[in-house]
Amino acid sequence: MVATGVQTNLFDLLAVNHQQAITTTFKFVDLFAGIGGFRIPLENLGGCCVAYAEIDRDAIATYEQNFLNHSSDQEPNLGDVSAVDQLLHNLDLVVGGVPCQAWSIAGKTLGFEDPRGRLWFDVCRHFVATVALSNCEPSTCKQQFLAKY
């Protein structure tokens, strides 16, 4: 079931016109996408979302209603970030808000002891795997990172 209320009417409230042609200047992936609040300013700046990652069923339904029905290209939901082997190539930007409950009082401030807190390592794993260093192939960098962390 799609979440009801203000979230499903996001475009009406913000007067966003997704039918308007915007020149794409960069490609991004939206990790921990939620309902897509961070996507809106990136698209307004000329970004093109090529994939998103979200696991909450209601958030996915709202995200898809707000964005994918207005888009001619259906970008994939990568799902659980910890299960993603590699991000798409030719990305200009990776964005996302790792769940904050691990550090909040509501989440008992367990930090990296909370499984949600360890999602930071999955985000870092993707950066190490996709960044080409001068003397290090991406697969080698990934192995070195995983050996340390």
Worksheet, complete the sentence: Within region 61-109, of all residues that are touching a Pro at 6+ places or on another chain (Cβ under 9 Å) and not assigned by TED's automatic domain parsing to the domain that holds residue 30, the one modelled with the highest pLDDT is 102
Worksheet item: Within region 111-123, how many residues turn out to be surrounded by fewer than 15 Cβ atoms within 10 Å (Cβ to Cβ) and assigned to a loop (DSSP other than H, G, I, E, B)?
Response: 1
Worksheet, complete the sentence: Within region 69-99, the residues that are surrounded by fewer than 17 Cβ atoms within 10 Å (Cβ to Cβ) and part of a helix (DSSP H, G or I) are 69, 70, 82, 83
Fill in: Among (1) in a helix (DSSP H, G or I); (2) modelled with pLDDT under 90; (3) closer than 21 Å to residue 92 by Cβ; (4) not acidic (Asp, Glu) - the single one residue 10 does not satisfy
(3)
Item to complete: Only one of these is surrounded by 12 or more Cβ atoms within 10 Å (Cβ to Cβ) and part of a helix (DSSP H, G or I): 102, 51, 61, 106. Name it.
Response: 61
Worksheet item: With respect to residue 113, is the statement that it is farther than 23 Å from residue 60 by Cα and at pLDDT 80 or above true?
Response: yes
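The values are calculated or read from the model by the stated rules, or taken from the named source; none is laboratory data. Note that this is a predicted model, so its numbers are computed, not measured. Please note: Cβ atoms are built from the backbone with ideal geometry, for glycine as well, and neighbour counts cover all protein chains shown.
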